[in-house]
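A quick write-up on the structure given underneath.
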Amino acid sequence: MKISLALLVLLLAAAWTGSQGMSFRRSSPSCCSKGMFSRRKIPEFKILGYLETASSCTHRAVLVKLAKGMVCVDPEEKWFQEYLRKQKKPNSTLT
């Protein structure tokens, strides 16, 4: 049941963002409603980018861009915080 609910949320988010003409170049991203949030960890290699929603939104969220659409994520999720930390680390193999 949880997998099918998560899939339904992903499909709805993809359909909704497609109908909204969402673009990462857009200056004011759309808001996420409570039922749109993905509760599952997204593998890092699938993340193409992300945007924080506007401060005027009811729910604080990050829109994560995937190959097949966008997903709303709680920015306080442990896995997302770890993803951000990894993105900010300098590459220690470069000299």
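Against the definition (under 12 Å from the mean Cα position of the chain (by Cα) and at pLDDT below 90), how does residue 36 come out, yes or no?
Details: under 12 Å from the mean Cα position of the chain (by Cα): yes; at pLDDT below 90: yes.
Here the answer is yes, as residue 36 does meet what is asked.
Is it fair to say residue 7 is modelled with pLDDT under 90 and more than 11 Å from the chain's Cα centre (by Cα)? In short, yes. Quick one: would you say residue 53 is within 11 Å of the chain's Cα centre (by Cα) and at pLDDT 60 or above? It is true that residue 53 is within 11 Å of the chain's Cα centre (by Cα) and at pLDDT 60 or above.
The values are calculated or read from the model by the stated rules, or taken from the named source; none is laboratory data. What you are looking at is a predicted structure, and each value in this text was computed from that prediction instead of being measured.
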